[in-house]
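Engineer: Pasting a structure below so you can have a look.
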Amino acid sequence: MTADHPGVTLELALDPVGGPDRLVEIAIDAAGPAGSRSYTYALPAALADIQAGEAVLVEFGRRRALGIVLGDATVARDGGTKPVLDRIRSDGPLLPELTLALVQEVASHYLAPPSMVVRSALPPAMLERLELVAEGRPDRGAAGDLAAIDADLVDQLADGPAPVRSLATPEGRAGLLRRLRSLEERGLVALDWTLTAAGAGPRFERWLTLTGPGRTTADGMASGDRPRGRPLGPRQVAALEELRLGPRTGLSAAHLGGRHGTSALAGLARRGLVSVEVRERPRRPLGSRRPGRRGGRPTGSVLTPPQVEAIATIRGALGAGDPTPVLLDGITGGGKTAVYVEAIGLALELGRRSLLLVPEIALALPLVDRLRADLDARVALVHSGLADGERADEWRRIRAGEAEIVVGTRLAIMAPLPDVGLVIVDEEHDPAYKSDRTPRLQARDVAVRLARLAGAALVLGSATPSVESEWRARTGAIRRVRLPSRPIGAAPVVDVVDLREELQTGNRGLLSAALRGAIASLATANGEQAILVMNRRGTASVVVCRDCGHVQGCPDCDRPLVYHHAGTSLRCHHCGRGWPAAVRCPVCGSPRIRYLGGGTERLERELREAFPALRVDRLDRDVAEKRGAASRVIDAFSDGRVDVLVGTSLVTKALDVPGVTLVGIVSADVALNLPDERAAERTYQLIAQAVGRAGRGELQGHAIIQTYQPQHPAIRAVATGDATAFYDTELAMRERFGSPPFGSVVKLTLSMADRAAAEREAAIVADRLRERAAGQDPGVTVTGPAPAYIARRGERWRWNVILRGRDPAAMVADGLGTSWAIDVDPESLL
């Protein structure tokens, strides 16, 4: 049988499959529609020791593909069972049992191809490259006489394994493989399929240590003796002395070579005075960040009775292995982080690992600083902002059990933890926990599954719980522990400014008179700081021609372009494409171009012009997408080197800066009237979280909310500090429409280049689903098709079909085709 992969053909001898062969379930790493299943294969006797989590080579259709063994299968699929062709060499199973079990639950619930879920649990590019590697055997005695070409191949492998593609030979690829197979039969060469991950593999470096003669020579020179033989050069003498005084484990060749020259080190190695060893050089994203530099429990702080109660509840869950969620419902500044730290400390005492999820990359480092300051533990960091090599090294550390605490964004929910005793989801309400690409998982909900599989305690923390969590707490499905007051400081005074009245006075700027006056009165000499929130990026939200009224839009998405002063460019916030700012109208040629609306860039510029003495900085997606930029901005603000921080929702989450006495919500209406059932909930959470940043120190906090709808329930809930009525209204609406938590929702999105074809296809599928629901589950309703809120994105037309009911996912469990995206439990219906 022949196994083909790009550039490689290998003749594989297979044991015949028959009798009671072991059956295994395999996730095939091949493109397929959402809802694709795993496949059953048989293990030949020679491969019977393969474990779950290992990578294997299988026949898939008419080609060979890579697969990951998920576990044993009990029943062969109809049509016969093919054999596994070969195992892919690696250092054991890629994923531990716990992660494999979670992979299968995620694939099943979110109707995602198992291979895509496996990929989400692995470092980037790990499955991208499968190739054949040859390794030479050291024993040449039994080989007899070798032809010159065979001897040359064996010599090429003397220094270690090498990819077959890299071997020099005058023959073609097929001839080379036949010759290697012949050498393998003689015991001189071993051939293995292996995974090579470009950019994500381990990084290695050379290290030097003193040999016995080298240490004798170095000690003798230190006492004044002259070494025997040819004299050493001054650089060699200096290198030996540094090695003598350095650690017994040696020093890196790069370090010594930079100080004394590589030729001097080579001479010492030739004389046998130093030995050279290749060691892995781990990449550490936290390597340049000293533990205890920031964070840590405030000096003299004492846990409050509600915090003590919360810790006791978590201690009980840890001891019993009870995965029932504990909702830590605490006001902003109520001390949730202190509870997290204490709970992780309890898990460490029990010898259990902890997983702490945060919604945004920028929030991870402050929590890591706090953990490293308060706990003597090994922390790993997982988020998409790390370089591929850093993510791969952190993944290897976690998989090897070297990390006791894992902190990260939603990516970390699939970290290869061999076991976990405590799972914490900070800001559990945050929509960032929902993935917008396959697998479209909700990390908070997956955390519930992980805790159940691991027998781990689960803590959901929020000052503004999701509507679903609020309902589950009310019904007793989860345990609620409240933190009703702040250990330090007091709740801020909240004022609501009606922007309609500002317009009547002629104020058309971004800042009301009240907010402008509050900024002007900031006593920066006392360390007072401010946060201004505007949940819209850019300088202007609409670019319009004053003469013909043409609004410049994205040619791919049909959405208005946003003007960004930095770079003087127009950008589409949906597909990300950018264009130079137009000097003249592309329709009528008029130079009278006007920029309407405003965003964070415009607000930052107006603040700098109006208050030149204040140090102003900005944090939004445009800033955060630059590597390390978000951490630098947050560190500068936390250290008091920035007076006013302007930003989007990024600045409303987990910033605990005692100097912040003023928070301004520049526009509370940006998302309030979106045609989405979560719009009011998201607005309430955003404003409440932002307001909670003020007054965390000894000085009284002040918050100003600017809005055109001061009587809206979401605004009133924040202004009064009582969200009960708001949740009552939201739950009544959800129950009326059968939305979570009273039912399940599945959003199907069709994306096609041809608009008419997309509309026809969406209508056909919607009608088919209605017929299926009528026959299988009349409780499932099918709505649509309807154009998506952003009907055109990236030159493709998008149509939505919405399913509601007890189990609407069952209607589409067999998939819909590659043009359809299936989103179970969507965060938005737009």
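The values are calculated or read from the model by the stated rules, or taken from the named source; none is laboratory data. Note that the structure is predicted; figures quoted are calculated from it, not measured. Every residue, glycine as well, gets a Cβ built from its backbone with ideal geometry; the counts of neighbours run over all protein chains shown. Accessible surface is based on the protein model in full, side chains and every heavy atom, while ligands, DNA and RNA are left aside. Shrake-Rupley method; radii C 1.70, N 1.55, O 1.52, S 1.80 Å.
Engineer: Which of the following residues is open to solvent by 10 Å² or more (accessible area, probe 1.4 Å) and under 15 Å from the mean Cα position of the chain (by Cα): Thr438, Thr475? Let's see the steps before the verdict.
Structural biologist: Numbers: Thr475 fails: under 15 Å from the mean Cα position of the chain (by Cα).
Every option except Thr438 fails the conditions.
Engineer: Kindly indicate whether Leu256 is buried (at least 17 other Cβ atoms within 10 Å of the Cβ), hydrophobic (A, V, I, L, M, F, W, C), more than 18 Å from Arg137 (Cβ to Cβ) and touching a strand residue (DSSP E or B) at 6+ places or on another chain (Cβ under 8 Å). Explain how you work it out, then say what you get.
Structural biologist: Values: buried (at least 17 other Cβ atoms within 10 Å of the Cβ): yes; hydrophobic (A, V, I, L, M, F, W, C): yes; more than 18 Å from Arg137 (Cβ to Cβ): yes; touching a strand residue (DSSP E or B) at 6+ places or on another chain (Cβ under 8 Å): yes.
Yes.
Engineer: Pairs, please: C-beta under 6 Å, at least 6 apart or cross-chain, first residue closer than 14 Å to Arg444 by Cα and in the range 461-485, second in a helix (DSSP H, G or I) and of a type in the set (Asp, Glu)?
Structural biologist: Cβ pairs passing all conditions: Val467/Glu681; Val467/Glu730.
Engineer: Output the residues belonging to the range 455-485 that are among the polar types (S, T, N, Q) and not in a loop (DSSP other than H, G, I, E, B). Explain how you work it out, then say what you get.
Structural biologist: Taking the range 455-485 first, the residues among the polar types (S, T, N, Q) are 462, 464, 466, 469, 475, 485.
Matches in the range 455-485: Ser462, Ser469, Thr475.
Engineer: Sticking with this structure for a sec: Based on this model, can you work out whether Val657 counts as open to solvent by 10 Å² or more (accessible area, probe 1.4 Å), modelled with pLDDT under 90 and of a type in the set (A, V, I, L, M)? It would help to see each step written out before you state the result.
Structural biologist: On the way: open to solvent by 10 Å² or more (accessible area, probe 1.4 Å): no; modelled with pLDDT under 90: yes; of a type in the set (A, V, I, L, M): yes.
The answer is no for Val657.
Engineer: Scan Ala491, Ala525 and give me the residue that is of a type in the set (Gly, Ala, Ser), modelled with pLDDT under 90 and not in a loop (DSSP other than H, G, I, E, B).
Structural biologist: On the way: Ala491 fails: not in a loop (DSSP other than H, G, I, E, B).
The match here is Ala525.
Engineer: Is it the case that the range 574-587 has a residue that's within 23 Å of Asp639 (Cα to Cα), of a type in the set (Val, Ile, Thr) and modelled with pLDDT of 75 or more? Show your work before the answer.
Structural biologist: First pass over the range 574-587, keeping only residues within 23 Å of Asp639 (Cα to Cα): none.
No; the residues of the range 574-587 include none that is within 23 Å of Asp639 (Cα to Cα), of a type in the set (Val, Ile, Thr) and modelled with pLDDT of 75 or more.
Engineer: With respect to the numbered conditions (1) over 30 Å from Ala443 (Cβ atoms); (2) modelled with pLDDT of 75 or more, which one is the sole condition not fulfilled by Pro138?
Structural biologist: So the condition that Pro138 fails would be (2).
Engineer: Can you tell me which residue within the range 795-827, out of those that are within 16 Å of Ala762 (Cβ to Cβ) and part of a helix (DSSP H, G or I), is farthest from the chain's Cα centre (by Cα)?
Structural biologist: Looking at residues that are within 16 Å of Ala762 (Cβ to Cβ) and part of a helix (DSSP H, G or I), I get Met811.
Engineer: Working only within the range 299-328, note down all residues that are open to solvent by 20 Å² or more (accessible area, probe 1.4 Å) and within 26 Å of the chain's Cα centre (by Cα). Before the answer, list the steps.
Structural biologist: If we filter the range 299-328 for residues that are open to solvent by 20 Å² or more (accessible area, probe 1.4 Å), which is where we start, we get 299-306, 308-309, 312-313, 315-316, 319-324.
Scanning the range 299-328 gives Pro323, Thr324.
Engineer: Looking at this structure, is Arg87 surrounded by fewer than 21 Cβ atoms within 10 Å (Cβ to Cβ) and either among the aromatic types (Phe, Trp, Tyr) or within 38 Å of the chain's Cα centre (by Cα) (or both)? So that I can check it myself, show each step before the final result.
Structural biologist: On the way: surrounded by fewer than 21 Cβ atoms within 10 Å (Cβ to Cβ): yes; either among the aromatic types (Phe, Trp, Tyr) or within 38 Å of the chain's Cα centre (by Cα) (or both): yes.
When the stated conditions are applied, Arg87 passes them.
Engineer: Could you please find all residues in the range 396-422 being open to solvent by 20 Å² or more (accessible area, probe 1.4 Å) and hydrophobic (A, V, I, L, M, F, W, C)?
Structural biologist: If the condition is that a residue be open to solvent by 20 Å² or more (accessible area, probe 1.4 Å) and hydrophobic (A, V, I, L, M, F, W, C), then Ala400, Leu411 are the ones that fit.
Engineer: Which count do you get for residues in the range 417-454 that are more than 15 Å from Glu105 (Cβ to Cβ), at pLDDT 95 or above and in a helix (DSSP H, G or I)?
Structural biologist: Of the residues in that region, 1 qualify.
The rows are residues; the columns are (1) out of contact with any Ser or Thr (no Cβ under 9 Å at 6 or more places or on another chain); (2) β-branched (Val, Ile, Thr); (3) open to solvent by 10 Å² or more (accessible area, probe 1.4 Å).
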residue	(1), (2), (3)
Ser667	no, no, yes
Leu674	no, no, yes
Gln689	no, no, no
Arg696	no, no, yes
Phe742	yes, no, yes
Leu750	no, no, no
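Engineer: If Ala757 satisfies all but one of (1) closer than 30 Å to Glu501 by Cβ; (2) in a helix (DSSP H, G or I); (3) of a type in the set (A, V, I, L, M, F, W, C), what's the number of the condition it fails?
Structural biologist: Single failed check for Ala757: (1).
Engineer: Also: Mind counting the residues in the range 698-725 that are outside any strand (DSSP E or B) and open to solvent by less than 10 Å² (accessible area, probe 1.4 Å)? Show your work before the answer.
Structural biologist: As a first pass, look at the range 698-725 and keep what is outside any strand (DSSP E or B): 698-701, 708-725.
From what's left, open to solvent by less than 10 Å² (accessible area, probe 1.4 Å): 701, 714-715, 717.
Total meeting the criteria: 4.
Engineer: Kindly provide the set of residues from the range 356-394 that are closer than 16 Å to Ser638 by Cβ and out of contact with any helix residue (DSSP H, G or I) (no Cβ under 8 Å at 6 or more places or on another chain), ordered by number.
Structural biologist: Leu363, Ala364, Val368, Asp369, Arg372, Ala373, listed by residue number.
Engineer: Quick check, is Thr169 part of a helix (DSSP H, G or I), among the polar types (S, T, N, Q), open to solvent by less than 60 Å² (accessible area, probe 1.4 Å) and touching a helix residue (DSSP H, G or I) at 6+ places or on another chain (Cβ under 7 Å)? Before the answer, list the steps.
Structural biologist: On the way: part of a helix (DSSP H, G or I): no; among the polar types (S, T, N, Q): yes; open to solvent by less than 60 Å² (accessible area, probe 1.4 Å): yes; touching a helix residue (DSSP H, G or I) at 6+ places or on another chain (Cβ under 7 Å): yes.
Against the criterion (part of a helix (DSSP H, G or I), among the polar types (S, T, N, Q), open to solvent by less than 60 Å² (accessible area, probe 1.4 Å) and touching a helix residue (DSSP H, G or I) at 6+ places or on another chain (Cβ under 7 Å)), Thr169 does not qualify.
Engineer: Among the residues of the range 777-794, how many are in a strand (DSSP E or B), of a type in the set (D, E, K, R) and within 27 Å of Val467 (Cβ to Cβ)?
Structural biologist: Restricting attention to the range 777-794, the residues satisfying the condition of being in a strand (DSSP E or B) are 781-793.
Now drop any that are not of a type in the set (D, E, K, R), which leaves 792-793.
Subset that is within 27 Å of Val467 (Cβ to Cβ): none.
The qualifying residues number 0.
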